[in-house]
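Participant: The following block contains the structure, expressed as structure tokens.
Please treat every number below as a calculation from the coordinates, not as lab data. Keep in mind it's a predicted model, so treat the numbers as computed, not measured. Neighbour counts run over all protein chains shown; Cβ positions are idealised from the backbone, glycine included.
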Protein chains: 2
Amino acid sequence: MRLVIARCSVDYAGRLSAHLPLATRLLMVKGDGSLLVHSDGGSYKPLNWMSPPCTLAESEPDEEQAAGGITQVWTVTHKKTADRLIVKIHEVLHDSAHELGIDPGLQKDGVEAHLQQLLAEQIERLGDGYTLIRREYMTAIGPVDILATDEAGASVAVELKRRGDIDGVEQLTRYLELMNRDPRLAPVRGVFAAQEIKPQARTLAEDRGIRCVVLDYDEMRGVDSGHARLF
Amino acid sequence: MRLVIARCSVDYAGRLSAHLPLATRLLMVKGDGSLLVHSDGGSYKPLNWMSPPCTLAESEPDEEQAAGGITQVWTVTHKKTADRLIVKIHEVLHDSAHELGIDPGLQKDGVEAHLQQLLAEQIERLGDGYTLIRREYMTAIGPVDILATDEAGASVAVELKRRGDIDGVEQLTRYLELMNRDPRLAPVRGVFAAQEIKPQARTLAEDRGIRCVVLDYDEMRGVDSGHARLF
DNA sequence: TCTTTTATTTCGGTT
DNA sequence: AACCGAAGTAAAAGA
């Protein structure tokens, strides 16, 4: 990511045409070549931008532009549409580049993690007499989301998903196979818990003796009183 | 505007619906205290953000957090909704501040401006014998979008909108009232022209003797051949 | 086929 | 009237 603070004017031609008069702004060039033009206020939305896939070309100003105080011209062209963003730079006040790497940023992880936290707090949703042993119980092939015991004290491994798909059942199956080889744990039964369970996944799970539990996320959130609510 | 590149994780307090795992990101602190968290890819939309009005507080990590590698904690609190964004910073790779000043803002030469231009060129869409007098005809309370004369030579004030709402009818009514006091112009009739006119607006307009005209933007564009098209 | 993302959207709610 | 952000949207893109 490259960050440039510059006095510039910007023109956009595409779905509509728009113009930004000369002012000092932040130009954010992302790794994929996309460009965001931000001011020091307003909303999270840039003043103007070009979405990927696009290419940025830097060029020298022509004589007329140079006479007008323009020191460089950026032309950002969209690869599929004819959209174009033209940045006329008068003065560069800051210019730095940074390696950020790819972002794991998934909102899904948030919901899944929250579901895990909620189910750990409300483990009785799996059945009366259930007790939480541990979240993220580590095995040789990865962490089991939740390990619990049922009313008889037998181990139960819980695989948690937002959307219960076949992949999740396979994953849980692998954990169960491994854990059932450990005499300190065996016998371990499986519970496949999700907000929504696909019919194919349910069929496969039940065929393997894995119980399916559909979780009501909103209801679980409503019950949750572990910490002060903001709303 | 302050720009920080940091390895950080981000959480909403209360609802974990948006958790961002540890990664290197751009933290953009705008002059109004609002915060934008950007990754090096994706859309123009930040991964997460807090809109103004809000305040940013920097604090030291507690012992547990420090043991986990957190060097500082930013808490961004919304002033009205109690929304909270918590940024746990592990490592700061860049930190710079810049004075940008206020931005003059985006000039959209979008649909409304284009509609005005097109209607000026195709003024006969209002009726046979219509003649354009002037675009942006200035009055004491602001410019009338289009001033024309009808087949009988009487003045017609046109208010142009993309979406014809009640506000637009009120605006035109004020113009008409003012212009009809001017003996050089009076009598002036009104035309409310828009791509789409809401029923309430139409009712109000017709009740006041203002004619409503729905414009077909695409059709008008098709006729237009004044300059090269992008699509 | 189905799921996720974007839109320089469109809309309503709020200064 | 302007601004902002969500979206019983919608359409395109991606997997």
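Participant: Would you mind computing, in nm to one decimal, how far apart the modelled labels at residue A:198 and residue B:124 are, each placed 7 Å from Cα along Cα→Cβ?
Facilitator: Reported label-point gap for residue A:198 and residue B:124 is 6.1 nm.
Participant: A follow-up question, please. Bin by bin, in steps of 20 Å, what percent of the Cα pairs in the protein assembly as shown do you find, going until the bin that has the longest distance?
Facilitator: That works out to 19, 35, 32, 13, 2, 0, in percent per bin.
Participant: Give the aspartates and glutamates whose C-alpha is closer than 16 Å to that of residue B:161, dropping any in the same chain fewer than 8 places away, or say none.
Facilitator: Partners within reach: B:109, B:112, B:136, B:145, B:170, B:196, B:216, B:218.
Participant: Treating only the Cβ of Lys, Arg, Asp and Glu as charged (+1, +1, -1, -1), what charge dipole size does region B:2-97 show about its Cα centre? Round to the nearest 20 debye. Let's see the in-between values first.
Facilitator: On the way: 10 positive and 11 negative charges, 103 e Å.
Value, rounded to 20: 500 debye.
Participant: Does anything in region A:1-44 have its amide N under 18 Å from the 7 Å Cα→Cβ label point of residue B:217, and if so which residues?
Facilitator: Those under the cut-off are A:12-19.
Participant: Sticking with this one: Quick one: dipole size for region A:93-207, taken about the Cα centre, charges +1 on Lys/Arg Cβ and -1 on Asp/Glu Cβ, in debye to the nearest 20.
Facilitator: In debye, rounded to 20, region A:93-207 gives about 280.
Participant: For region A:107-223, just the Cα set please: Rg and Dmax, both in angstrom.
Facilitator: Answer for region A:107-223, Rg first and Dmax second: 13.1, 39 Å.
Participant: Residues of B:42-49, mean number of Cβ from any other protein chain within 10 Å of their own Cβ, rounded to a whole number?
Facilitator: Counting Cβ atoms of other protein chains within 10 Å of each residue's Cβ and averaging gives 6.
Participant: If you don't mind, there's one more thing I want to ask. Per residue, what volume in Å³ does the Cα convex hull of region A:4-86 take up?
Facilitator: 100 Å³
Participant: Related question: Output the Cα-based Rg and Dmax of chain B in Å, rounding Rg to one decimal and Dmax to a whole number.
Facilitator: 27.1, 85
Participant: What is the average number of partner chain Cβ atoms found within 10 Å of a Cβ in B:66-73?
Facilitator: 0
Participant: Testing the spin-label approximation: label points 7 Å from Cα along Cα→Cβ at residue A:93 and residue A:2. State their distance in nm.
Facilitator: 2.0 nm
Participant: Sticking with this structure for a sec: Taking the Cα centre of chain B as origin, work out the dipole magnitude from +1 charges on Lys and Arg Cβ and -1 charges on Asp and Glu Cβ, in debye rounded to 20.
Facilitator: Numbers: 27 positive and 35 negative charges, 47 e Å.
Computed charge dipole of chain B: roughly 220 debye.
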